[in-house]
Amino acid sequence: MSSDNEAFNTLISITNPGISMTSKAFEWYVSNPEKLRKYAGKHVAIVDDKVAGVGDSAKEAYDTAKKKFPKKSPLLAYIPTGETLIL
């Protein structure tokens, strides 16, 4: 795996403590980097196996996802650009 893919697959933040590293949303997140590339530089909110919200801030992505899925707890992540250095 290239370092670009490794960086792309790195989860930047999970802001909901109800989301576990084995949740369906997290599994989808780490398994679908090609589907997430179009969101580079944005925050996404993932519910189950779909991107339910996108925004310039985590709050914006979260709010959009909660409007669509009010009873679900979305997984929030920042999708880095190819130039992002993750240490």
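The values are calculated or read from the model by the stated rules, or taken from the named source; none is laboratory data. Just so it is clear, the model here is predicted, and its values are computed rather than measured. Neighbour counts are summed over all protein chains in view; Cβ atoms, including those assigned to glycine, are modelled from backbone coordinates with ideal geometry.
Considering only residues that are farther than 16 Å from K24 by Cβ and basic (K, R), which ones fall in the stretch 47-67?
Going through the stretch 47-67, the residues farther than 16 Å from K24 by Cβ turn out to be 53-64, 66-67.
K59, K66, K67, listed by residue number.
Looking at the stretch 1-75, what helices (runs of 4 or more DSSP H) fall wholly within it and have at least 2 residues that are at pLDDT 95 or above?
Details: elements: 3-9, 24-31, 33-36, 58-68.
It comes to 58-68.
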Inset, instruction - Find all pairs meeting these conditions: Cβ atoms under 8 angstrom apart; at least six residues apart or on different chains; first residue within the stretch 36-59 and without any contact (Cβ under 8 Å) to a residue 24 or more places away in the chain and among the β-branched types (V, I, T); second residue surrounded by 16 or more Cβ atoms within 10 Å (Cβ to Cβ) and not in a helix (DSSP H, G or I). - result: V51/V44; V51/A45; V54/K42; V54/H43; V54/V44; V54/A45
